[in-house]
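> Dropping a structure here in structure tokens format, bear with me for questions.
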Amino acid sequence: MQNNSLWIILQKMRIPFIVIIVTYTIAIVGLISINGVDANGNAYHMTIFDALYFISYTATTIGFGETPYSFTYSQRLWVTFSIYLTVIGWFYGIGTLIGLLQNKLFLSEIARVKFKRQVNHIRKKYIIVLGFNYVTNEIIKKLLNNDIQVVVIEKSEERANALILENYTPTVPVLVSDAHNANALELAGIAKSNCKAVVSLFEDGALNLRIAIVSRLLNKNIQLATKATTSSSVNNLKDVNVNVIANPFSIIANELKMAIKSPNLLKLEKWIYQIDTLDAHLEKLPVGKYIICGFGRLGRNIYQVLRHENIEFIFIEIDENQIKEIEEEELDHFMVGDADEKNILLKAGVKNATAIVAFTNNDTVNISILATAKKINENIITIAREDEMEDVSIFSNAQIDYLFMPSKILVNKITNALINPLSDIFARAIKSKDEHWASLLVKELMQRIDANPVLFELVINTAQANQICDYIEASNEIALSIFEISLHNRKLKNNVVPLLLKREGEIVVLPSLDTVLQLDDKLLLACDENAQNDIEYIAQNPYEFHYALSGEEKTLFKKGLFK
Amino acid sequence: MNLDKVISGFFIILAMTLNFGFFYGDLDSLESHSKYELFAAIIVNLIATTLKLGDRTQMGSVLLATSLVADIQLIAAAVVWSIAYYVYVIDKEIVAIIISLSGGALLANITSVALYVGETLKSKR
């Protein structure tokens, strides 16, 4: 009984159908009851079939002429009446049907049915993405590349059409509906077992929270990934157990801190999020005086990060109310005024500042501030952010020294957390490390592997590593170093650097190769493609595993054919 | 009193009675079976079916199904009769087919009326 569209048609077609039936009946009854004359002049009555045949082609205005014999005048009088009666009935019926086919409600009903069918046909893992824009577009592409299917719910029909034009393979079913609508989520298959996650990256924090709650209620095991821009909404989202919370402002703040304090850490993070390779140019910002324009949500995040660092900084904010909450002893870090004015910039000390950061919520003002600052102090480093990933960027043409693109990190953070949860954990775990540690790791990765090592996740379970599991279950000990062995020659070693070991909630960063493996260990390894291939063989193939373990070829015949 | 109920009840019961009227009579000759009565039965059955369209309740769906069964059987009887009359000869076998088809339709119509009456009795308004 779910097939609404058919019922709408049927309900609305009742009257037209009855009109057609009744008019046909009247016309047919008249024809069979009126006397006719056949070719020989004998009286005859039309049969029911004759009458039906005649009326069928008359009502549809096809008109084959008078059959089976020429009509008498009394018959013609009746036919004249019937023509008007049945043709009008027929046109009314057809007209209603065509009107229905163009009905918005009916069309959206058809689209719903189609969407539902497409969702039901998905057999692989899939993820529901809410809203279609440049960020979710990137996420969808990444997910599809990783063999995860996507279903989209988008409110605006225009953007839903834009999605259809993207021509993803496999097809991404899209439903035009409000994203917080429980019915829409249900229709998108949120309760299905192969639906793994819901991604909701709206600007509106309340909407994200609402979606998180609705999704949680519909499926308590589903993963949720959302965006939050204030710390209170982050806490609210944590209360409903949202798995991935991305805050673009704290992303920028942390990136700024890393660029100043530990550029190698930033490099590692960019590599994990697949934005850059390890041999990319080191994006280092010098220590010195920073002028930061704008103290909104982003400014607050930066303030939280910088106040604990040994960096001189001053905020310029146009709105006095924004800095009311700041304690008095901190107030010398703040100035009230329009950062776009030369005097204010001079007062803030732009002449001897190292860098100026323009983070107000107006792009043109930001560019103007940076241009003014550059005029006063030629050597100042200009820093801006670009929210939208568009083809033509005004920032890239404005010769900004350092440009933050939180959207890029947001995309990669979300997809990584959903597809490769371990690398996301690793990225979070290294945040507390220092520059020295990071530079050593970068060096080691570059030397042992290459500039862009593959991140490979392996879980010691029967699905991914049955050989290792069997071996451990037979109460043997096996160390992580087994994965280092080259299958070409056991004495040689593959290029593998273990990055992370997760064992029952405990996280070990850079586990040593002597670590003894246990069941359900989750490993994150950096390696090259050849090594990844070998590791998969060792984990799953009895012959290769035996060779890696003992250096001997396993033979079938010694132990019997099937054991 | 609900005018909709009167109309649909009228057509559903009329469909059954006309069907019975056609079916009743000698089983191996068409003399006691009027083609006009079959025509009327088909028309009334079609109208009854149309009136049941678009009712999304469980009962509505079952009623629609029984009506469709009756329609198909009666129309099949009419088609067999026309083909035999114009193209072939009406022999005993054809007569048996026509009458047994309408008998089947009668059963469907009886089911339909029984359900309809049951539904009406259950209704509190």
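> So B:LEU74 ticks every box in (1) under 21 Å from A:GLN11 (Cβ atoms); (2) in contact (Cβ under 8 Å) with a residue 12 or more places away in the chain; (3) more than 11 Å from chain A (Cβ to nearest Cβ) but one. Which box is left unticked?
Unmet for B:LEU74, out of (1) under 21 Å from A:GLN11 (Cβ atoms); (2) in contact (Cβ under 8 Å) with a residue 12 or more places away in the chain; (3) more than 11 Å from chain A (Cβ to nearest Cβ): (1).
> Can you confirm whether region A:341-358 contains a residue that is closer than 17 Å to A:GLY296 by Cβ and modelled with pLDDT under 85?
Among the residues of region A:341-358, not one is closer than 17 Å to A:GLY296 by Cβ and modelled with pLDDT under 85, which makes the answer no.
> Please count how many residues of region A:453-493 are assigned to a loop (DSSP other than H, G, I, E, B) and out of contact with any Asp or Glu (no Cβ under 8 Å at 6 or more places or on another chain). Lay out the reasoning, then the answer.
Going through region A:453-493, the residues assigned to a loop (DSSP other than H, G, I, E, B) turn out to be A:453, A:460-465, A:474-478, A:486-492.
Of the ones still in play, those that are also out of contact with any Asp or Glu (no Cβ under 8 Å at 6 or more places or on another chain) are A:462-465, A:474-478, A:488-492.
Residues that pass the stated criteria total 14.
> Would you please list the contacts, defined by Cβ atoms under 8 Å and residues six or more apart or on different chains, that run from a residue in region A:22-34 that is touching a residue at least 60 places away in the same chain (Cβ under 8 Å) to a residue that is assigned to a helix (DSSP H, G or I) and of a type in the set (Val, Ile, Thr)?
A:VAL22/B:ILE47; A:THR23/A:THR86; A:THR23/A:ILE88; A:TYR24/A:ILE55; A:TYR24/A:THR86
> Regarding B:ILE13, is this residue among the β-branched types (Val, Ile, Thr) and either in a loop (DSSP other than H, G, I, E, B) or away from every other protein chain (no Cβ under 13 Å) (or both)?
Yes: the conditions hold for B:ILE13.
So that you can scan it fast, the table gives a plain yes or no per residue for (1) in a helix (DSSP H, G or I); (2) closer than 29 Å to A:LEU201 by Cβ; (3) basic (Lys, Arg):
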site: A:TRP78; (1), (2), (3): yes, no, no
site: A:ILE83; (1), (2), (3): yes, no, no
site: A:PHE91; (1), (2), (3): yes, no, no
site: A:LEU97; (1), (2), (3): yes, no, no
site: A:LEU105; (1), (2), (3): yes, no, no
site: A:ARG112; (1), (2), (3): yes, yes, yes
site: A:THR136; (1), (2), (3): yes, yes, no
site: A:ILE139; (1), (2), (3): yes, yes, no
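> So, A:LEU100, is that one within 14 Å of chain B (Cβ to nearest Cβ) and closer than 30 Å to A:VAL176 by Cβ or not?
Details: within 14 Å of chain B (Cβ to nearest Cβ): yes; closer than 30 Å to A:VAL176 by Cβ: yes.
Here the answer is yes, as A:LEU100 does meet what is asked.
> Scan region A:48-61 and give yes if some residue there is of a type in the set (D, E, K, R), surrounded by 13 or more Cβ atoms within 10 Å (Cβ to Cβ) and either touching a residue at least 12 places away in the same chain (Cβ under 8 Å) or touching a Ser or Thr at 6+ places or on another chain (Cβ under 6 Å) (or both), otherwise no. Give the derivation first.
Start the filter on region A:48-61 by keeping residues that are of a type in the set (D, E, K, R), which leaves A:50.
Adding the requirement that they be surrounded by 13 or more Cβ atoms within 10 Å (Cβ to Cβ) leaves A:50.
Right, trim to either touching a residue at least 12 places away in the same chain (Cβ under 8 Å) or touching a Ser or Thr at 6+ places or on another chain (Cβ under 6 Å) (or both) and you get A:50.
Within region A:48-61, one or more residues are of a type in the set (D, E, K, R), surrounded by 13 or more Cβ atoms within 10 Å (Cβ to Cβ) and either touching a residue at least 12 places away in the same chain (Cβ under 8 Å) or touching a Ser or Thr at 6+ places or on another chain (Cβ under 6 Å) (or both).
> Next question, about the same structure. Among the residues of region B:95-113, is there at least one that is facing chain A (nearest Cβ under 10 Å), in a helix (DSSP H, G or I) and either of a type in the set (Ser, Thr, Tyr) or touching a residue at least 40 places away in the same chain (Cβ under 8 Å) (or both)? Lay out the reasoning, then the answer.
Here is the first cut: in region B:95-113, the ones facing chain A (nearest Cβ under 10 Å) are none.
The answer is no; no qualifying residue exists.
> Also, quick follow-up: What is the one condition in (1) within 11 Å of chain B (Cβ to nearest Cβ); (2) modelled with pLDDT of 90 or more that A:HIS45 does not satisfy?
Failing condition for A:HIS45: (2).
> Considering only region A:205-217, state which residues are modelled with pLDDT of 85 or more and either within 17 Å of A:VAL135 (Cβ to Cβ) or loosely packed, with under 15 Cβ neighbours inside 10 Å (or both).
A:ALA206, A:LEU207, A:ASN208, A:ILE211, A:LEU217
> Within region A:418-428, is there a residue that is surrounded by fewer than 18 Cβ atoms within 10 Å (Cβ to Cβ) and not in a helix (DSSP H, G or I)?
no
> So A:GLY63 clears everything in (1) over 20 Å from B:LEU46 (Cα atoms); (2) within 60 Å of the chain's Cα centre (by Cα); (3) within 12 Å of chain B (Cβ to nearest Cβ) except one condition, right? Which one?
(3) is the only condition that A:GLY63 fails.
> Of everything in region A:10-29, what is more than 7 Å from chain B (Cβ to nearest Cβ) and surrounded by fewer than 19 Cβ atoms within 10 Å (Cβ to Cβ)? Give them in sequence order.
Within region A:10-29, A:LYS12, A:ILE15, A:VAL22, A:ILE26, A:VAL29 qualify.
> Separate question: Quick check: is even one residue across region B:88-103 of a type in the set (S, T, N, Q), under 20 Å from B:TYR24 (Cβ atoms) and crowded, with 16+ Cβ neighbours inside 10 Å?
Narrowing region B:88-103 to residues of a type in the set (S, T, N, Q): B:100, B:102.
Restricting the remaining residues to those that are under 20 Å from B:TYR24 (Cβ atoms) gives B:100, B:102.
Next, from what is left, pick out any that are crowded, with 16+ Cβ neighbours inside 10 Å: B:102.
Among the residues of region B:88-103, at least one is of a type in the set (S, T, N, Q), under 20 Å from B:TYR24 (Cβ atoms) and crowded, with 16+ Cβ neighbours inside 10 Å, which makes the answer yes.
> Identify all residues within region B:32-46 that are at the interface with chain A (Cβ under 7 Å from one of its Cβ atoms) and surrounded by fewer than 24 Cβ atoms within 10 Å (Cβ to Cβ); write none if there are none.
Looking only at region B:32-46, we keep the residues that are at the interface with chain A (Cβ under 7 Å from one of its Cβ atoms), and these are B:35, B:39, B:43, B:46.
B:LYS35, B:PHE39, B:ILE43 - these are the residues of region B:32-46 that are at the interface with chain A (Cβ under 7 Å from one of its Cβ atoms) and surrounded by fewer than 24 Cβ atoms within 10 Å (Cβ to Cβ).
The values are calculated or read from the model by the stated rules, or taken from the named source; none is laboratory data. Just so you know, these numbers come straight off a predicted model, no measurement behind them. Backbone-built Cβ (ideal geometry, glycine too); neighbour counts: all protein chains shown.
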